[in-house]
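Reading through the structure tokens given below for one structure.
The values are calculated or read from the model by the stated rules, or taken from the named source; none is laboratory data. The structure presented is a predicted model; accordingly, all values stated were derived computationally and were not measured. Glycine also receives a Cβ, built like all others from the backbone with ideal geometry; neighbour counts cover every protein chain displayed. These accessible areas exclude ligands, DNA and RNA; they are computed on the full protein's heavy atoms, side chains included. Shrake-Rupley method; radii C 1.70, N 1.55, O 1.52, S 1.80 Å.
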Amino acid sequence: MTQTLENAINLPEEQRFFRHGLTWEKFKAIQASFENVPGVRLFYCDGVLEILTIGKPHEVIKCLLAALLITYFEVKGIEFFPSGSFSQIIPEIVEYQADLSYCFGTDKPVPDLCIEVVITSGSPIKLQKYKLMGVPEVWFWEDGTIEVYCLREQEYEKVVKSEFLPELDLSLLNRCLLLSSPLKAIREFRQGIQQQ
């Protein structure tokens, strides 16, 4: 697996590798061996190891999405606490890092909102890891669209708008994320939310 992964690191797009039936101890050993490998993330959830290589397209969307959301929070006067991609851990059960995460109103141990930028789909632990942590709302940006999921009675339900940011125009956000100029994207997004 390591040889394949080392070759994949130089690829422009993200690659995903899975291993089922792994113990927490084996996960921690594999994680330690990747400690100094740039552009690689490891996730663990209920015996499933996911290794993800991060490419430039992923980072471009993630950074622009963060810039647009911060613009929205500033214009709308929303108190927010970003926590980025810090590790969320329940020992022996789950460890992951969202691409972006935010608490609203006050800082909390578990984010109110986690966001993942998905360039290569197919993760078997897509929502499970967030459910185990009790994250109330999760967004996935994939194929130019944001999908929103809200935790209801221990299961996620796909919804059409954010419960934490109900006035946010997701179609405007999606459109601006796909503009070729980040500066133009921020300016158009700001203008769009100011006109609401």
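A few points about this structure:
- Based on the reciprocal of the average 1/r between different C-alpha atoms, the Kirkwood radius for the chain equals 17.7 Å.
- Hydrophobic, long helices, defined as DSSP H runs whose alpha-carbon span along the helix axis is 27 Å or greater and whose mean Kyte-Doolittle value is at least 0.5, occur in the chain at 56-76.
- Potential extension, Asn174-Thr23 segment - 0.36 nm per residue separation minus Cα distance: 50.5 nm
- Apportionment of accessible area to carbon and sulfur, segment 3-121, percent (1.4 Å): 56 percent
- For Val40, residues with placed amide H under 5 Å, excluding near neighbours: Ile54
- Solvent-accessible heavy-atom area per residue, rounded to whole Å², over segment 56-196 at 1.4 Å: 49 Å²
- More than 23 angstrom apart: percent of Cα pairs within segment 3-113: 40 percent
- Across segment 20-63, the relative contact order, built from alpha-carbon pairs under 8 Å that are at least six residues apart, equals 36 percent.
- Separation of the Glu142 and Ala32 label points, Cα + 7 Å toward Cβ, nm: 3.4 nm
- Distance (nanometres) between label positions extended 7 Å along Cα→Cβ at Ile90 and Ile70: 3.2 nm
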